[in-house]
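Worksheet: the structure to be examined is printed underneath.
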There are 2 protein chains.
Amino acid sequence: MAILQWLKEPEKNFPPHQDIDHFNDGVCVGYIQDKTGLSQSTISTYLNSMQNAHLLIPTRHGKWTYYKRNEEVIQAYVNTLKDTL
Amino acid sequence: MAILQWLKEPEKNFPPHQDIDHFNDGVCVGYIQDKTGLSQSTISTYLNSMQNAHLLIPTRHGKWTYYKRNEEVIQAYVNTLKDTL
DNA sequence: TTTACATATCTAGAAAATTAGATATGTTTT
DNA sequence: AAAACATATCTAATTTTCTAGATATGTAAA
């Protein structure tokens, strides 16, 4: 949940990327790792599982993988909760 | 989540109680246990933890404890999720 | 075309959640 | 007040989740 929240406003929660000057494709794994303080493998695993759940969309830029929110799925999930819960 | 859903419409998901003819205070533990197929202690533990989270409101009627949804808290939770997630 | 770097995957140990049996408590009936 | 019944609590075993170290893979720089 924290990661999803951070990704709502990348410019407020992460430093700028070195090769690109926008967050159009999200934030690179390393920055998210730093922010959480967890190990590289743990973060990679998390991001991968969130990707599998279609909560995040990955984009590869050179050496880096960027992750951004999948707004449609996230909203659909919240709406389902609202109806079902 | 299943329990919360069932408790939205007790009359559709549970048999009538033997001592009272309404679900104003919710459903007794035994009926919820039957519906889940879990053991008595497990269900009691679940209901207790949901009560601690203020998701359920307990009412004692003689030998039975009835549990009903705490709509305010449940809605507040969903709304928080909608904003935060 | 080797080296360095970012990320992914594999493996396994530690921590937490799930669950039931045994027992305790509270309430009603006899 | 003893017995019966509904629910709660305690304890512990099983299962699942969490997490990191080691290693692998993919990409770019030297």
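Which part of the range B:33-57 falls in the paramagnetic zone of A:Met1, meaning amide N under 16 Å from the point 7 Å along Cα-to-beta-carbon? It comes to B:50, B:53-55, nothing else.
Compute the angle between helix A:40-52 and the longest alpha-carbon principal axis of chain A, please, reported from 0 to 90 degrees and rounded to the nearest 10. Roughly 40 degrees, rounded to the nearest 10.
Accessible surface buried at the B:A interface totals approximately 1400 Å², computed with a 1.4 Å probe on protein heavy atoms. What the Cα atoms of the range A:24-84 give is an Rg and a Dmax of 12.9, 42 Å. Seen from A:Leu4, the other residues with C-beta closer than 15 Å to its C-beta sum to a net charge of +2, counting Lys and Arg as +1 and Asp and Glu as -1. Across the identical copies, the label point of B:Val73 (7 Å from Cα in the Cβ direction) is separated from its matches by 3.2 nm, in order from shortest.
The loop-placed trypsin sites (Lys or Arg not before Pro) in the range B:20-77, going by DSSP, that have at most 13 neighbouring Cβ atoms within 10 Å of their Cβ come out as B:Lys63.
Rounded to a whole number, what % of the accessible area of the range B:2-84 do carbon and sulfur atoms account for, probe 1.4 Å? Provide the component values of the computation, followed by the final result.
On the way: 2410 of 4920 Å².
After summing per-atom areas, the C and S share lands at 49 percent.
Checking the Cα-Cα distances for A:Lys8/B:Lys35; B:Lys12/B:Lys82; A:Lys8/A:Lys63; A:Lys35/B:Lys82; A:Lys35/B:Lys8; A:Lys82/B:Lys63 against a 31 Å cut-off, the pairs over it are A:Lys8/B:Lys35; A:Lys35/B:Lys8; A:Lys82/B:Lys63. Distances from A:Gln18 to itself in the other copies, using label points 7 Å out along the Cα-Cβ axis, amount to 7.4 nm in increasing order. The value of relative contact order for chain B, using C-alpha pairs under 8 Å at least six residues apart, is 27 percent.
A dipole drawn for the range B:2-84 from +1 and -1 charges on Cβ atoms has a positive end, and of B:Val73, B:Val27, B:Thr45 the residue lying farthest that way is B:Thr45. Label points for B:Pro58 are taken 7 Å from Cα along Cα→Cβ. From this copy to the others they lie 4.6 nm apart, shortest first.
The values are calculated or read from the model by the stated rules, or taken from the named source; none is laboratory data. What you see is a predicted model; the values in this text were computed from it and never measured. Virtual Cβ from ideal backbone geometry, glycine too; neighbours counted across all protein chains shown. Just so you know, the surface numbers come from the protein's heavy atoms only, side chains and all, with ligands and any DNA or RNA stripped out. Shrake-Rupley method; radii C 1.70, N 1.55, O 1.52, S 1.80 Å.
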